[in-house]
Structure formats: C-alpha cells, structure tokens
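Since the structure comes first, as structure tokens, the remarks are kept for the end.
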Amino acid sequence: MRLETGRLLGTALVALTLASASACGEATPTASSRSTASTGPSIPADPTASTGPTVSAEAGTSAGPASPDGTRDPKTAPACDAVMKARKTALEALAPVAAVLSQSGLSKEDLAKATNDLNAPYTAMHVNVAAAAELTGDPQLKAKISAYQLAVEQAIVAVEGSDSDQAKLKAVIELPAMRSAEKAVVAACS
C-alpha cells in the first residue's frame with residue numbers, strides 16, 4: 001500500500017512539473033532518441049495543442065493572475081510559480097522518455113526502463129502539485145490545481161497498469177484528462 005501511495009505521489013509531482021514549465025514560458029529541450037540523431041514524439045506544453053510530436057513551452061505566460069492594477073496577485077502567485085516549476089521539470093524529464101517510446105523494436109528491458117522513467121517524474125509532479133495547492137488563498141485556483149493533481153494521479157495509475165506495453169505508455173503522455181486539467185491551471189495562472 002505504501003509503495004502505491006509513493007508512486008501515486010511521484011506521478012503527481014511529474015504532472016505538476018509539466019504544467020509549470022509551460023506556464024512559465026520557458027522553452028524545454030526537444031526530445032531525442034538514445035542512439036539516433038532523430039527526434040521522437042514529445043510532450044506538447046500547451047494542453048490545447050495538437051497531439052503532434054513536439055515539445056514546446058508557451059512563451060509569454062505569467063506565473064499568476066494579474067490584479068486590476070496590473071501586478072501579480074499575491075494570493076495566487078506562489079501557487080502558480082510552484083505549479084509551473086513542477087510542470088517544467090516534468091516536461092524536461094518526460095521528453096527523453098517520449099523519444100524512446102517513439103522507436104520501434106524496443107526490448108522488454110527498454111520498456112521496463114521507460115515505465116520507471118515515466119513513473120518517476122509523474123510521482124514527483126504529484127507531490128509538487130499537492131504542495132502548490134496549499135500555497136494559494138484563492139479557492140478557485142486551489143480547485144483547479146487539485147483537479148490537476150487528480151489527473152496526475154490518473155497518469156500514475158495508467159503507467160502502473162500499462163504492463164510495460166509501449167502503446168499504453170505512449171498514451172499516458174497524451175491523457176486527455178491531464179491536458180484538460182493542465183489547460184485550466186495554465187489559464188488560471190496567466
């Protein structure tokens with residue numbers, strides 16, 4: 001039971017990292033395969049982006065909603081900063097895994113490693129997203145961050161239930177629930 005909880009928390013942390021990278025507007029490196037110079041599918045930083053194989057971070061997003069006078073809202077800025085940082089970290093960790101999963105002919109060992117490599121950033125993201133939710137006094141933002149945390153938990157469960165199946169692992173990176181929750185958080189923090 002403790003192992004499952006730890007994995008769940010780690011998975012959530014990864015999702016948080018993905019969200020923060022996109023919202024902070026910092027570019028993430030493109031995914032590349034281990035042994036070839038070609039690039040593989042990557043994770044879109046914008047949850048509304050197409051499911052094409054690109055890793056990008058949206059530039060120009062702020063780390064918290066602005067107040068009427070144009071300054072950042074002190075009730076939401078710390079939470080937004082934390083969520084966007086967690087999202088960025090997860091995007092960076094997931095890009096190489098996505099590249100590996102885009103290759104054909106992966107061995108069982110490669111798929112087992114990819115499973116672990118997906119689980120770790122999602123687990124870290126889960127933890128960071130949960131912590132970010134506690135940093136805001138805004139109940140609407142807190143609800144959106146909590147929904148994002150739940151989506152990350154679902155990603156962790158999907159990774160653990162994939163049985164190291166390549167198609168299932170690739171599908172986890174593109175989970176619609178994760179994209180939707182991520183989009184809501186990014187919008188709230190813009």
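The values are calculated or read from the model by the stated rules, or taken from the named source; none is laboratory data. No experiment lies behind these values; they were computed from the predicted model shown. In this analysis, Cβ positions are derived from the backbone assuming ideal geometry, glycine residues included, and neighbour counts consider all displayed protein chains. All accessible areas refer to the heavy atoms of the entire protein, side chains included, with ligands and DNA or RNA removed. Shrake-Rupley method; radii C 1.70, N 1.55, O 1.52, S 1.80 Å.
When you look at Glu153, is it in contact with a helix residue (DSSP H, G or I) (Cβ under 7 Å, 6 or more places away or on another chain) and on the phi < 0 side of the Ramachandran plot, yes or no?
For Glu153, the condition - in contact with a helix residue (DSSP H, G or I) (Cβ under 7 Å, 6 or more places away or on another chain) and on the phi < 0 side of the Ramachandran plot - is met.
For the subset of region 160-190 comprising residues that are in contact with a Ser or Thr (Cβ under 6 Å, 6 or more places away or on another chain) and within 17 Å of Val97 (Cβ to Cβ), which member is most open to solvent (accessible area, probe 1.4 Å)?
Across region 160-190, the extreme among qualifying residues is Lys168.
This table checks each residue for (1) out of contact with any Phe, Trp or Tyr (no Cβ under 8 Å at 6 or more places or on another chain); (2) crowded, with 24+ Cβ neighbours inside 10 Å; (3) touching a residue at least 12 places away in the same chain (Cβ under 8 Å).
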site	(1), (2), (3)
Ala79	yes, yes, yes
Val83	no, yes, yes
Thr89	yes, no, yes
Val97	yes, yes, yes
Ser102	yes, no, yes
Ser107	yes, no, no
Asp110	yes, no, no
His126	yes, yes, yes
Val129	no, yes, yes
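Give me the residue from region 173-190 that is of a type in the set (Gly, Ala, Ser) and within 12 Å of the chain's Cα centre (by Cα) and, out of that set, nearest to Cys80 (Cα to Cα).
Among those residues, the one meeting the criterion is Ala181.
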